[in-house]
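Asks: Quick one: this structure, given as structure tokens, is what I'll be asking you about.
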Amino acid sequence: MTTQLILDESNFKDILNGMVDGIITINSKGLILSFNKTAETMFGYKSEDIIGQNVSLLMPEPERSAHDSYIHNHLTTGIAHIIGIGRGVTALKKNGETFPMHLSVIEYPVKIEGDRWFIGSCRDITLQKQQEEQLRRSLKMDAIGKLTSGIAHDYNNMLGVIMGYSDLLTAQCNDQPKSLKYIEAIKHATKRATSLTQKLLSITRKRIDTAKVCVINDILRFNQQLLDKTLTPQIKISLKLTEDLWPTFIDKGYLVDAVLNLSINAMHAMPEGGELNITTSNAQINTLDAQILNISAGDYVKFTIEDTGIGMTEEVTSHIFEPFYSTKGEKGTGLGLSQVYNFIAESKGAIRVYSEPGYGSRFTIYLPRYLQEQFTNEVDRSITENEVDLSGSANILVVDDEHSNRELVKNILTSHGYTVFCSENANEALTLLENKKIDLVLSDVIMPETDGFELAHIISCTHPDVKVQLCSGMVNIKGKSITNETLSKNLLEKPYTSKQLLIRVHELLNK
């Protein structure tokens, strides 16, 4: 009889140790009676060290102090959820770290030695929580991006009108220095507003159009002097760059902006001075780490920007990549780190931040290793107003549902000799094309019923000799049903200057 009991206990332990979840059994006093291998790995305790201890040892406050009352209330009332059946809890490891855990508890159906036993099944859900947080953040960024894009589109239309008429006034006020001074002030304010709008629009960019093969080490070395001049002399900058760093396929300008944004934030976190360390290395990301980072497994270029500043709380860290979130009050726009996040995401990389108050901050960025041999270079547009006469005599059709935009473009073009026709929608434009000889159509993208891409498709089928130039205040936009990669790539982004418009018209008409 005794031999049979020992065999049963041995089999019972083997079964528990073979389970993927942590299994802990306790009695009615909360004392641990068994602790399987998974639980040992999960909590960092050896079974011989934890058995006989109160299970509250595995809980942080305030759950630890309340645990005995949970068991007492369950024994008294019989209500299952009191002892935490099937719920998320926070668990405590031996080394003091906490982690999220899903806990399921059942009561053993038979009393053992006159006492009631409870079996707890513990599952570490750290990865699940990280993925949920990543999804939540991605959805939030997508929603904010769509809202921002719509606002920026209308804003760019207004800025375009201000900028365009400022250019026209400049040409008419050459002999009025006082008026020119006022116009220059208007232009300066418009350029600042345009820069802010571009930052807003960068949140919604869906691809990096000017990406090229490059080595991050070369970019960092080339811009080290810029960093030295940007940061105060109190900040000591250290570059620790791994030799034979893998190449990556990114937009160099966006990378420099990202490094500057992160470095300037680090400088603000070190008002009394400190150290800024930038390191690079090659990294191989396995499947598990890739799931945590929300990227594909494979080879990545890793670079880290770490400071010795005041650090951030967990609450601040959870919001830093959100547009308009700033800890600088009126001195900050809250767009810097959202641009960094967007650039890295669109480069199919990842960024992670670790920070604690009083211990500085560390931003770690992963960018995919470049493996392909093919890439394209953008054609350098180098025409300037001084080199070429931008006047002409062609017939141009302007299509835009905004009256102020139509009138502005008409005034700019007619002042340079062009004959201009206007329509407020695609149907009017197609009617004009049937009755007038048109050389070039300038069309907005966002219009009711038929958008610019659809209009361009119809024109290419019915009037193949007519050239089309699309314009929009919303970058990297796709048509409702028909897209054209060439038109998308050569989109004239609002707000544009008179010079930019005239150069583009000249290029198209003289191809």
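Asks: Using beta carbons and a limit of 9 Å, which pairs, at least six apart or on different chains, have the first residue in the stretch 175-190 and under 14 Å from VAL161 (Cβ atoms) and the second one small (Gly, Ala, Ser) and surrounded by 12 or more Cβ atoms within 10 Å (Cβ to Cβ)?
Replies: As it stands, the answer is ILE186/SER166; LYS187/SER166; THR190/SER166, since those pairs meet every condition given.
Asks: On to the next question. Going residue by residue through the stretch 476-499, is there one that turns out to be touching a Leu at 6+ places or on another chain (Cβ under 8 Å), of a type in the set (A, V, I, L, M, F, W, C) and at pLDDT 90 or above?
Replies: Scanning the stretch 476-499, I find no residue that is touching a Leu at 6+ places or on another chain (Cβ under 8 Å), of a type in the set (A, V, I, L, M, F, W, C) and at pLDDT 90 or above, so the answer is no.
Asks: Please indicate, with yes or no, whether at least one residue in the stretch 231-253 is of a type in the set (Ser, Thr, Tyr), modelled with pLDDT under 85 and crowded, with 19+ Cβ neighbours inside 10 Å.
Replies: Step one: filter the stretch 231-253 for residues of a type in the set (Ser, Thr, Tyr), giving 232, 238, 242, 248.
Filter once more, keeping what is modelled with pLDDT under 85: 232.
If we keep only those that are crowded, with 19+ Cβ neighbours inside 10 Å too, we end up with none.
Looking for residues that are of a type in the set (Ser, Thr, Tyr), modelled with pLDDT under 85 and crowded, with 19+ Cβ neighbours inside 10 Å, one finds none in the stretch 231-253, hence no.
Asks: Just checking: which of the strands (runs of 3 or more DSSP E) contained wholly in the stretch 406-476 hold 3 or more residues that are surrounded by 20 or more Cβ atoms within 10 Å (Cβ to Cβ) and in contact with a helix residue (DSSP H, G or I) (Cβ under 8 Å, 6 or more places away or on another chain)? Walk me through how you get there before you give the answer.
Replies: Working: elements: 419-423, 440-444, 467-472.
Where strands (runs of 3 or more DSSP E) fall fully within the stretch 406-476 and carry at least 3 residues being surrounded by 20 or more Cβ atoms within 10 Å (Cβ to Cβ) and in contact with a helix residue (DSSP H, G or I) (Cβ under 8 Å, 6 or more places away or on another chain), they are 440-444, 467-472.
Asks: Could you run through the stretch 386-425 and say how many residues are closer than 18 Å to ASP465 by Cα and among the aliphatic types (A, V, I, L, M)?
Replies: 6
Asks: Look through the stretch 261-305, keep the residues that are among the charged types (D, E, K, R) and either modelled with pLDDT of 95 or more or surrounded by 14 or more Cβ atoms within 10 Å (Cβ to Cβ) (or both), and return whichever of them is farthest from PHE343 (Cα to Cα). Break it down into steps so the answer makes sense when it comes.
Replies: The first filter runs over the stretch 261-305 and keeps only residues among the charged types (D, E, K, R), leaving 272, 275, 289, 299, 302.
From what's left, either modelled with pLDDT of 95 or more or surrounded by 14 or more Cβ atoms within 10 Å (Cβ to Cβ) (or both): 275, 289, 299, 302.
Details: GLU275: 26, ASP289: 21, ASP299: 19, LYS302: 15 Å.
Ranking the candidates gives GLU275 first.
The values are calculated or read from the model by the stated rules, or taken from the named source; none is laboratory data. Keep in mind the model is a prediction, meaning the values are calculated, not measured. Every residue, glycine among them, receives a Cβ derived from its backbone with ideal geometry; neighbour counts consider all protein chains shown.
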